[in-house]
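Below: one structure, written as structure tokens.
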Amino acid sequence: MDKPRFARTSGPAKTNHTDGGDLSTRPAIVAAEYDDVDEIKRVVLAKLALDLGKDASVATDRDWFVAAALTIRDRIVHRWLAVDRASHAQGRKRVYYLSLEFLIGRLFADVLCNLGWTEIFHAALGDLGVDLNRLRAAEPDAALGHGGLGRLAACFMESMATLGIPAYGYGIRYDHGLFRQVIRDGWQQEYPEEWLSFGNPWEFARPEVIYDIHFGGWVEMTISPTGVKRSIWHSSETLEQSHMTSRSWDGAADT
């Protein structure tokens, strides 16, 4: 695999979609031999203009965050696809982890840390007059869980990524399924959770993949010609749900 154009230190990059193959014992990202700050600045500015349609003079912290996140994602996706192909070619078994929650937290700072890119991005963004800490704060916390179950699921995904075990995490991509909690004067107040209001740069939409989701209905008991009893579910309502793949490289759920 080609080396990424920038990095300072090597280390295992954690991915929510973890594949091994002959690459499972290697770090997911190999450190570059040089620090190409100018290249990072060029790509971030290109993302800002071409993906967001913004000029640097009017870009908000959210705009800079998305541009930086897409820059990071582009540097990883080729390796992810290569490892995915290797896993399929070798016929490796995979783990499919199902959970109602994946408490993954904010991914921007975690991904930079896992890949050893924090310092170089800090320098590159600083040259553009952008504070890395402000970009961290601009990323909303993914409202995919808020309890021990969700954190445990995320830890399992991170562990499998570290060990190079091919795995997928399947969950629910909540839009407003969870609420935002605020404590005022000792009382809980609930507000709508709007973490997806401005999109999520870590996701890949798969609108061509549609699943039927069934609700309600009744169960029919039948007996086969051989005398075997069978229960057949007849749903009363069916909804179509598209597929969204989250490639966060830090133990996020494939939802």
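At pLDDT 90 or above and either more than 26 Å from residue 170 (Cα to Cα) or surrounded by 13 or more Cβ atoms within 10 Å (Cβ to Cβ) (or both): is that true of residue 70 in this structure?
So residue 70 fits the description; yes.
Would you please list the contacts, defined by Cβ atoms under 6 Å and residues six or more apart or on different chains, that run from a residue in the range 37-53 that is more than 14 Å from residue 201 (Cα to Cα) to a residue that is surrounded by fewer than 17 Cβ atoms within 10 Å (Cβ to Cβ) and of a type in the set (Lys, Arg)?
39/5
Please determine, by comparing only the residues of the range 87-99 that are in a loop (DSSP other than H, G, I, E, B) and in contact with a Phe, Trp or Tyr (Cβ under 9 Å, 6 or more places away or on another chain), which one is farthest from residue 74 (Cα to Cα).
It comes out as 99.
Looking at the range 100-211, what helices (runs of 4 or more DSSP H) fall wholly within it and have at least 1 residues that are within 18 Å of the chain's Cα centre (by Cα) and of a type outside the set (Ser, Thr, Tyr)?
108-115, 132-138, 148-163
The values are calculated or read from the model by the stated rules, or taken from the named source; none is laboratory data. Keep in mind that what you see is a predicted model, and the values were worked out from it rather than measured. Counting neighbours? That spans all protein chains shown, and the Cβs are built from the backbone with ideal geometry, glycine included.
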